[in-house]
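The values are calculated or read from the model by the stated rules, or taken from the named source; none is laboratory data. Since the structure is predicted, the reported quantities are computational estimates derived from the model, not experimental observations. Here the Cβ is made from the backbone with ideal geometry for all residues, glycine too, and neighbour counts use every protein chain on show. SASA here: full protein model, heavy atoms, side chains in, ligands and nucleic acids out. Shrake-Rupley method; radii C 1.70, N 1.55, O 1.52, S 1.80 Å.
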Amino acid sequence: MDRLDFLKSLGLTAAALVVVGDLSSCKKNAKVDLSVDMGTSQYSSLLNPNSAVVVQNVIVAHTPTGGYVAVDVACTHASCDVVYTGASNKFSCPCHGSSFDSNGAVLNGPANSPLTKYNVSQSGNVLHITS
Ligand code: FES
């Protein structure tokens, strides 16, 4: 490989990194505005306490106390999808063991930032989730 080819390959790598960086920031900054109709079979499980569903990168949980919470499904450590456990009312990450309370606050690392929490309002069987 001559010097010109080497410099071209460096330029291509740098351009690829910029594109990847832009895509990840788009995902994190996307505005959330979702309606979840628990009257449909797709989301009817949410009528039961201790349950959760994932809708467009948002995990919506019905807590043991009867409220609803919604957080970004991506763990703040390295973006694995978190899961909700109703019995302990917390979110946990299967990749490296981070856990978060029902408000998204970090309980155990390695994550050191909270999950992004969204606003949830309810009208009948429909949840409205917004950023
Ligand atoms: S990605 Fe969640 S703990 Fe590492």
Sum of side-chain charges, Val54 neighbourhood, beta-carbon under 11 Å (Lys, Arg +1; Asp, Glu -1): -2
For Ser121, net neighbour charge (Lys/Arg +1, Asp/Glu -1) across residues whose Cβ lies under 15 Å away: -1
Accessible area of region 31-130 belonging to carbon and sulfur atoms, whole % at 1.4 Å probe: 45 percent
Around Asn103: net Lys/Arg minus Asp/Glu count, Cβ-Cβ under 12 Å: +1
J(HN,Hα) series, region 103-109, from Karplus relation 6.51 cos²θ - 1.76 cosθ + 1.60, nearest Hz, glycine and proline x: 9, x, 6, 5, 9, 9, x
Per-peptide average of other Cβ atoms within 10 Å, ordering 118-129, 48-59 highest first: 48-59, 118-129
